[in-house]
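One structure is given here, and the rest of the page talks about it.
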Amino acid sequence: MPTFVVGVPTAAYDAKAISARDDLGELQLTTEDEPPTPTGKYRRWLPVRATAGDVRFHYGAAPRIVDAQTRNGPLFDLRSEAGGVIGSGVYFIAAPPGDETYRLSLAWDLSKVPAGWRGVSSFGEGRKSELVTSETLAFSYYAAGPINSVPEKADAAFALYWLATPPFEPIGLSRDIQQLYTYMSRFFEDEGAPYRIFVRGNPYPAGGGTALNRSFMLGYGTDGQTSSGGDTQMILAHEVTHNWLRFNRGEHADTAWYSEGMAEFYAVLLARRAGVISLDKFERVVSEHASDYYTNPYVGLPNPEVGKKFWQDPRAQRVPYGRGFMYLARVDALVRAQTNNKRSLDDLALEVLRRQRSGAKVGNEEWVQMVAETLGPAAKKDFDAMVGGERIEIPGNSFGPCFAPQTVTERPFELGFDEYKLAAVTGLRPDTEAAKSGLANADEIVSMSPIRQSKEDPAKSMTITFRRAGAEHTVSYLPRGAEVVSARWRRVPGVPDAECNL
Ligand SMILES: [Zn+2]
């Protein structure tokens, strides 16, 4: 298990924390730490002698202690909430190595907790038996305690769970997600498969979503927001899309363009096809993706280099979202043009899924071969350019006859310091408006304007009240960087909605 995964610490047991026994009695373990990768640091536990018969392990994990100072990150840690616990297995489960499939028997012992408490996981509620790999066991969600759910009945195939009462209406949220999920599961040839959503709160003003095995976790901040950027509806669509679109070969840093780019692409496209969002909103969302891409300070950095910065700099973490989206919009346009609209990215996405369902591994190499079947050798050239960080222009014929690219200039949002840790100013970047305003590292933030409003409105200034050496001060500045050339999609006048052909 990792001791640290994508910026989040885990229970990180030492050798003594796990006790083991087999037919010969007590089994001593030693630990071995692997060299760190961009994704995390992994630890192995090894027996000091040959084992005999079944081996039983016993260990306990306490929830991670979090507070206003905790840096926001993927929702992997185990946390305490409303007296219960909620988090992913990767935080507390030391799983067998390798990618074989095992028979998992999962049971909850609720004999020592108050009556009415429930045990729920990505596999469902209560006792479960399934064939899974170690990775699925670790990358699933687990929650126990005074759990509430929509629907209220136990072990529904589609359900939303929470411990502490969220600042939004769970019934409405569940209905919105189910509508999208039903449409998407049909599109991805997976109708009727179970799906579960877990919701929890952060003790700091930032939220987000993390998708794992047939489920995702939605986190909201002390400001009630589920994200500092986009809107809840698109975050939900993005996380649900992850359920189907990911490579099963290759390192995260090399394949994130696919999982994040595809999630961005099909979140907005299928939300529109399902009628969940308007054409206006479609235009706004795809244009935001283009803007995110062109204004990212790492827009020209190759994928492997970006991967090394993922978990230190949130702006690097965003690169695969924008880059993947732009590349896939381009592939979609090229395939449609080449086949006179008979084929599109849909066929490629479904082909990846069908291969994976038949047990095949699909990664970058297989992808390029699949695209080359339609686009020829240009597919490889295009792919290498994307990996290398070459600028991707919006193709003239993308998203049908309703939309056309438009070049614009803009000043990208630039808070000036670490956006994921807002209790105090950290990682202040010199030459930013924030630094010029007089802010300094370690200034304790008392209050600040909502980041989301500043992101949406390029003229909106940021006002921050902070405490330094016992005294309070207030500064205001325009949270924007230097002007860059960017592009967006604009609706072509005169083309009726019915001909939009998305
Ligand atoms: Zn994602």
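For region 100-126, name all the residues that are surrounded by 11 or more Cβ atoms within 10 Å (Cβ to Cβ) and over 17 Å from M217 (Cα atoms).
Step one: filter region 100-126 for residues surrounded by 11 or more Cβ atoms within 10 Å (Cβ to Cβ), giving 101-102, 104, 106, 108, 110, 113, 117-126.
Across region 100-126, the qualifying residues are T101, Y102, L104, L106, W108, L110, V113, W117, R118, G126.
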Practice item. Provide a single number: the residues in region 335-362 that are in contact (Cβ under 8 Å) with a residue 60 or more places away in the chain, in contact with a Lys or Arg (Cβ under 8 Å, 6 or more places away or on another chain) and surrounded by 16 or more Cβ atoms within 10 Å (Cβ to Cβ). Key: 2
Practice item. Looking only at region 194-210, count how many residues are closer than 13 Å to R79 by Cα, of a type outside the set (S, T, N, Q) and in contact (Cβ under 8 Å) with a residue 60 or more places away in the chain. Key: 4
Review point. Where residues in region 189-213 are more than 20 Å from T241 (Cα to Cα) and not aliphatic (A, V, I, L, M), which of them is farthest from the ligand (Cβ to nearest atom)?
Key: P203
Review point. Among the residues of region 267-274, is any within 18 Å of the chain's Cα centre (by Cα), within 14 Å of the ligand (Cβ to nearest atom) and surrounded by 23 or more Cβ atoms within 10 Å (Cβ to Cβ)?
Key: yes
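Can you give me the ranges of the strands (runs of 3 or more DSSP E) entirely in region 98-205 with at least 3 residues that are of a type in the set (A, V, I, L, M, F, W, C)? Outline the logic, then answer.
Values: elements: 101-106, 118-121, 128-133, 141-145, 148-150, 158-162, 195-201.
Ranges flagged: 158-162, 195-201.
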Practice item. Restrict the check to region 17-30 and report whether at least one residue is surrounded by 14 or more Cβ atoms within 10 Å (Cβ to Cβ) and assigned to a loop (DSSP other than H, G, I, E, B). Key: yes
Exercise for review: Please find, within region 225-266, the residue that is farthest from the ligand (Cβ to nearest atom) out of those that are within 22 Å of T37 (Cα to Cα) and not in a helix (DSSP H, G or I).
Suggested key: R249
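In this structure, is F216 away from the ligand (no atom under 15 Å from the Cβ), touching a residue at least 24 places away in the same chain (Cβ under 8 Å) and within 16 Å of L75 (Cβ to Cβ)?
no
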Study note, to complete from the structure: Residue hits (region 396-447; in a loop (DSSP other than H, G, I, E, B), in contact with a Gly (Cβ under 8 Å, 6 or more places away or on another chain) and hydrophobic (A, V, I, L, M, F, W, C)) are F417, L428, L439
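Kindly evaluate S259 against the criterion of being in contact with a Lys or Arg (Cβ under 6 Å, 6 or more places away or on another chain) and crowded, with 23+ Cβ neighbours inside 10 Å. Don't jump to the end; show me each part of the working.
Values: in contact with a Lys or Arg (Cβ under 6 Å, 6 or more places away or on another chain): yes; crowded, with 23+ Cβ neighbours inside 10 Å: no.
So S259 fails the test.
Take the conditions at pLDDT 95 or above and touching a strand residue (DSSP E or B) at 6+ places or on another chain (Cβ under 6 Å) and apply them to E81. Does it pass? Spell out the reasoning first.
Numbers: at pLDDT 95 or above: yes; touching a strand residue (DSSP E or B) at 6+ places or on another chain (Cβ under 6 Å): yes.
The answer is yes for E81.
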Exercise for review: Would you check which residues across region 58-88 are surrounded by 14 or more Cβ atoms within 10 Å (Cβ to Cβ) and outside any loop (DSSP other than H, G, I, E, B) and list them?
Suggested key: R79, S80, E81, G84, V85, I86, G87, S88
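For every residue, the table says whether it meets (1) within 16 Å of the ligand (Cβ to nearest atom); (2) at pLDDT 95 or above; (3) farther than 22 Å from C402 by Cβ.
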| residue | (1), (2), (3) |
| --- | --- |
| Y321 | yes, yes, yes |
| A329 | no, yes, no |
| S358 | no, yes, yes |
| L375 | no, yes, yes |
| D384 | no, yes, yes |
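Can you name every residue in region 281-290 that is free of Cβ contacts under 8 Å to residues at least 40 places away in the same chain and either in contact with a Pro (Cβ under 7 Å, 6 or more places away or on another chain) or away from the ligand (no atom under 16 Å from the Cβ) (or both)? Give the derivation first.
First, the residues of region 281-290 that are free of Cβ contacts under 8 Å to residues at least 40 places away in the same chain: 281, 284, 289.
Matches in region 281-290: K281, R284.
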Review point. Can you name the number of the only condition in (1) in a loop (DSSP other than H, G, I, E, B); (2) crowded, with 18+ Cβ neighbours inside 10 Å that A459 fails?
Key: (2)
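In region 435-448, which residues are over 14 Å from T465 (Cβ atoms) and among the hydrophobic types (A, V, I, L, M, F, W, C)? So that I can check it myself, show each step before the final result.
Within region 435-448, the first condition is being over 14 Å from T465 (Cβ atoms), and the residues that meet it are 435-436, 440-442.
Passing the criteria: A435, A440, A442.
Among the residues of region 356-398 satisfying the criterion of being of a type in the set (K, R) and under 25 Å from the mean Cα position of the chain (by Cα), which is nearest to W257 (Cα to Cα)?
The selected residue is R391.
For every residue, the table says whether it meets (1) at pLDDT 95 or above; (2) out of contact with any strand residue (DSSP E or B) (no Cβ under 7 Å at 6 or more places or on another chain); (3) crowded, with 20+ Cβ neighbours inside 10 Å.
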{"position": "P205", "(1), (2), (3)": "no, yes, yes"}
{"position": "G209", "(1), (2), (3)": "no, no, yes"}
{"position": "S215", "(1), (2), (3)": "yes, no, yes"}
{"position": "T222", "(1), (2), (3)": "no, yes, no"}
{"position": "G229", "(1), (2), (3)": "no, yes, no"}
{"position": "M234", "(1), (2), (3)": "no, yes, yes"}
{"position": "A237", "(1), (2), (3)": "no, yes, yes"}
{"position": "W244", "(1), (2), (3)": "yes, yes, yes"}
{"position": "F247", "(1), (2), (3)": "yes, yes, yes"}
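For every residue, the table says whether it meets (1) modelled with pLDDT of 95 or more; (2) closer than 24 Å to L27 by Cα.
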{"position": "K41", "(1), (2)": "no, no"}
{"position": "V48", "(1), (2)": "yes, yes"}
{"position": "G53", "(1), (2)": "yes, yes"}
{"position": "H58", "(1), (2)": "yes, yes"}
{"position": "R71", "(1), (2)": "no, no"}
{"position": "F76", "(1), (2)": "yes, no"}
{"position": "F92", "(1), (2)": "yes, yes"}
{"position": "L104", "(1), (2)": "no, yes"}
{"position": "V120", "(1), (2)": "yes, no"}
Revision key, fill the gap. Only one of (1) within 15 Å of the ligand (Cβ to nearest atom); (2) farther than 24 Å from G250 by Cβ; (3) without any contact (Cβ under 8 Å) to a residue 40 or more places away in the chain does not apply to S278, and that is (1)
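The values are calculated or read from the model by the stated rules, or taken from the named source; none is laboratory data. What you are looking at is a predicted structure, and each value in this text was computed from that prediction instead of being measured. Methodologically, a virtual Cβ is constructed for each residue, glycine included, from the backbone with ideal geometry; neighbour enumeration extends over all protein chains shown.
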